[in-house]
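A quick write-up on the structure given underneath.
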Amino acid sequence: MQIFSDPELLQSYITDQRIQGKIIGLVPTMGALHEGHSRLVIESMKSNDITVCSIYVNPTQFNDQQDLVKYPRNLNKDLEMLKELGCQAVFCPTDKVMYPTEPVLKMDFGQLEHLLEGHHRPGHFKGVALVVSKLFHLVQPDKAYFGEKDWQQLIVIKKLVEDLSFPVEIVGVPIAREPDGLALSSRNLRLRQQERAVANQLFIALQLVKAALEEKSSFESAISTGLDHLAQFSLIRVEYLEIVTAFTLEKPSAEMGSEPLSICIAAFLGDIRLIDNLQVFMNNVI
Ligand code: PAF
């Protein structure tokens, strides 16, 4: 496995691979890798000759400095895991390499920045779009892989690619879950035992909302079902629980018919903020 921190060395490796006609997949990550990331890497390895995994805790996407400081970092373990998976290359740059000077470019994703994560983490998607654009330029992947746990991020990145005509196909990979339903996340590592014991209730609440929708409850009443369930757990502080249209993330209307929906949640357990989502059709689960 090749490990690069210098973008020039990475680019000359990529150029070599391209000359040999190799197809390149990119898996952007912030490290502290888990089974969810392995699935992205495995998915990429299935359809590309070379998989580049980037590991970089991107400061520009953190609106909370404490979250940035406390974000789990585990480079040696990450590299071991990627090597075992058979990943061909890793790019782990420093802040100085990624941001030699303070960036001034600010991309604006319009309405997408004012709802769900965008609303609760001001500036977050500007930082994500900036770093992902840099990675696309440096790696020039044919395909790039993102987890569906960050559903809104996936929608934002698809818009980024469309608006800036990046020649890359974006592939969303389904959420990996613990046996009790908790969505895998690097932040789970920071949960205390008693928080971990109730963290799967977020997924249970999503399932209750879905079941209520399937029983033809109104959107408001379905959300109340989920919130009432979570209210039993004093360690869980819900930031939002919302039903939106799956691809445009708008408020759904009762007349919409069979357009897919996404039930999205963000909640704090102590100071750890977790997100999750569940996609549903009005009549069928997808
Ligand atoms: O999903 C993540 O881990 C990050 O937001 C990403 C896409 C690697 C950009 O820093």
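Readers should treat all values here as calculations from the given coordinates under stated rules, not as data from a laboratory. Predicted, not measured: the structure shown is a model, and the values here were computed from it. Quick reminder, even Gly has a Cβ in these numbers, built from the backbone with ideal geometry, and neighbours come from all protein chains shown.
Quick look at the numbers
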| read-out | value |
| --- | --- |
| Summed side-chain charge close to residue 92 - residues other than residue 92 whose Cβ falls under 12 Å, Lys, Arg +1, Asp, Glu -1 | -2 |
| Among 15, 225, 29: highest mean-square fluctuation, GNM of the chain, C-alpha pairs under 10 Å | 15 |
| Gain upon complete extension [residue 253, residue 76; 0.36 nm per residue less C-alpha separation] | 58.9 nm |
| Gyration tensor (Cα) of the chain, equivalent ellipsoid semi-axes in angstrom | 33, 21, 18 |
| Whether the range 154-286 is rounded, prolate or oblate, judged on the alpha carbon gyration tensor where a/c under 1.5 counts as rounded | oblate |
| Given 210/251; 22/96; 70/149; 134/158, the pairs whose alpha carbons are separated by over 18 Å | 22/96; 70/149 |
| Percent of beta bridges antiparallel (DSSP, the chain, rounded to nearest 5) | 50 |
| Burial ordering of 104, 238, 139, fewest other beta-carbon atoms within 10 Å first | 104, 238, 139 |
| Relative counts (whole %) of C-alpha pair distances in the range 35-103, using bins that are 10 Å wide | 18, 43, 31, 9 |
| By average C-beta atoms within 10 angstrom, highest first, the peptides 79-87, 260-268 | 260-268, 79-87 |
| Cα long-axis angle, helix 75-85 against the chain (0 to 90 degrees, to the nearest 10) | 90 |
| 12 Å beta-carbon shell around residue 59, net charge (K/R +1, D/E -1) | -3 |
| Of 28, 167, 59, the one that fluctuates the most in a GNM where the chain has Cα springs shorter than 10 Å | 167 |
| Rg over Rh, two decimals, the range 152-200 (C-alpha only, Kirkwood Rh) | 1.19 |
| Top of 105, 115, 189 by mean-square fluctuation, Gaussian network on the chain, Cα under 10 Å | 105 |
| Residues with amide H under 5 Å from that of residue 147, placed H, sequence gap 5 or more | 173 |
| Under-5 Å amide H pairs with residue 240, H placed in peptide plane, nonlocal only | 266 |
